Amino acid sequence: LLQSGRHSWLAGLKTLLLNVSRAVTRDVLIAFSPTAGPSRLSTAEKEKAGKIHLPREIFQSLSSQTVSVVVTVLNIQQLGIFKEVNQTAQVLDNTVVGITVGESSISGLQDPVQLTFAHRQLPHGVTPHCVFWDPSKGTPLSGAGLGTGAVPSTHSHLPVPVAGQAGGWNSSGCVTQPGDKGTVCSCDHLTFFTILLKPALDGSSAKALMAVATAGCGVAMAFSIFTIAFCIFIRCRFRFEETVRINLGLHVNLVGSLFLLNLAFLLNSGLSGRTHPRTCKVLGGLTHYSLLCCFTWTALEGCQLYLLFVKVLGIYIHHYLAKLCLIGWGFPVLVVGVAGVIGSYGEYNIQNMDHQVIAHLCWITSKHLLVHYITNCGYFGLIFLFNMAVFAVVTQKSCSLQGTGAVQGHRKPWKVALVAAGLFCMLGATWALAFLTYGISSTPVFYLFTVLNSLQGIFIFIWLVVLYYPKTKETTGSLSYIIRDMTKPPQPP
């Protein structure tokens, strides 16, 4: 049912012609590589070469009994074709694969064509995109025509775009599945395909993000000072019970960790690239320590909310806040100390596809990224899951108390939800955006992550003023008051 194919070679262009019967009962598999071109797939090539998977649906829907399948592998650097105007992304191995079946245009496939482009592990910060050449995209260049680099087609059914023609890369109808050893493209049509390698950040985006982050950190530091002053003021001005004073102490330490983090970032962005290696290591350790302190105090806020609202327990531990401070400020010291001993800190360079440095940071070096994934991504991931679980329990209990009539009059359970939202949405949710900065939509998420986290100081200041400043003789803004008031049984009329 599948007849032997024949090959054609030109400089930078290799083709394979197969005659496939309409009655074929298996999918057609073809191997290809930038150097060897296309060929029938053998067992030895399955792991090393790229692979084309043509579903049998393509052939069974055709009218003719036998159809020609043409697979072309082109080196676009040698041929000087498939170039967009102002193209910044790079084509993987300068390789484009063209596929045609018969003389008709094939699109809208229910079972998509799959192309596996084999490659080594891609550079950090680079995202693969499956694309095809769309002749209707773009406008013709001046002097359009068959210029230098024009390539004659080796088969009449496979027109090859020539230099100067209109066209551009398009991803419509294609799904990208990245992997360590290859990227799979699943497309619902047949044409010329390739992988575009796009950096997560280019030079202009990196500079814009640094400018936004620097300005935001300055504003956040100012509001962090306002917040700490406000908490100290109301703690001294109003008579609060011990539990509320502990809550205020927790908030002060959380805001203090954010102030330290913003300060470390400003020092990092201002001094990195111009400091002594030892100074850069210290600065990288300070930035890492500040980030871990912020995460740890977020976790302690969640634990406090769990104890007060879920367990409904008073805190009677001797020197309770001092012990929390020992955890919040001391635990990160141990982590940073271990990371420093193994030499994790130093200069970290963010590069584009041409290996040009677009940003310098004193941070965890590229050789020790496992430290980053464990101590930052893994640590915060666990904290975020715990805080979201507490938030769900708080919301559910608030709704149940509201429904049973246990909350009456001034007892407003939405304020408890405000506590959870302020702690987890203003803090946990914004940090969680870091997990979305990988992939095809990473650049917009980078901007969103930078803006929201830069505004944390303003968010927390407004939240604490609304929540804690007493507007009546009863401190209905205090968390413990709301909790105990909501859990009291209703008074008989």
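The values are calculated or read from the model by the stated rules, or taken from the named source; none is laboratory data. Here the structure is a predicted model, which means the values were calculated and not measured. When we count neighbours, we look across all protein chains shown, and the Cβ atoms used for this are built from the backbone with ideal geometry, even at glycine. These accessible areas exclude ligands, DNA and RNA; they are computed on the full protein's heavy atoms, side chains included. Shrake-Rupley method; radii C 1.70, N 1.55, O 1.52, S 1.80 Å.
Numerical summary
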| item | result |
| --- | --- |
| Neighbourhood charge, 12 Å Cβ-Cβ cut-off, centred on C280 and excluding it, Lys, Arg +1 and Asp, Glu -1 | +2 |
| Which of F223, A264, L248, positive extreme of dipole for segment 195-293 (C-beta unit charges) | A264 |
| Gain in span if fully extended, S107 to S204, counting 0.36 nm per residue against the direct Cα distance | 31.2 nm |
| Mean separation of Cα contacts under 8 Å, 6 or more apart, over the residue count of segment 241-346: relative contact order % | 39 percent |
| Which of S269, S172 is most accessible, then next, and so on - probe 1.4 Å | S172, S269 |
| Paramagnetic reach from V310 (point 7 Å along Cα→Cβ, amide N under 14 Å) across segment 377-401 | 383-398 |
| Of K51/K198; K281/K367; K14/K181; K137/K198; K14/K83; K323/K367, pairs whose Cα-Cα distance is over 25 Å | K323/K367 |
| Full-extension gain in nm, R22 to T395, via 0.36 nm per residue minus C-alpha separation | 128.2 nm |
| Pairwise FRET efficiency - L29 versus L271, Cβ, R0 = 60 Å, nearest 0.05 | 0.60 |
| Relative contact order, percent, segment 211-302 [alpha-carbon distance under 8 Å, six or more residues apart] | 36 percent |
| Residue-wise HN-Hα coupling along segment 85-97, computed from phi with Karplus coefficients 6.51, -1.76, 1.60 (Hz; x: Gly, Pro) | 6, 6, 6, 10, 6, 9, 8, 4, 6, 6, 10, 10, 10 |
| Theoretical gain in end-to-end length, A36 to N170 [0.36 nm per residue, Cα-Cα removed] | 45.6 nm |
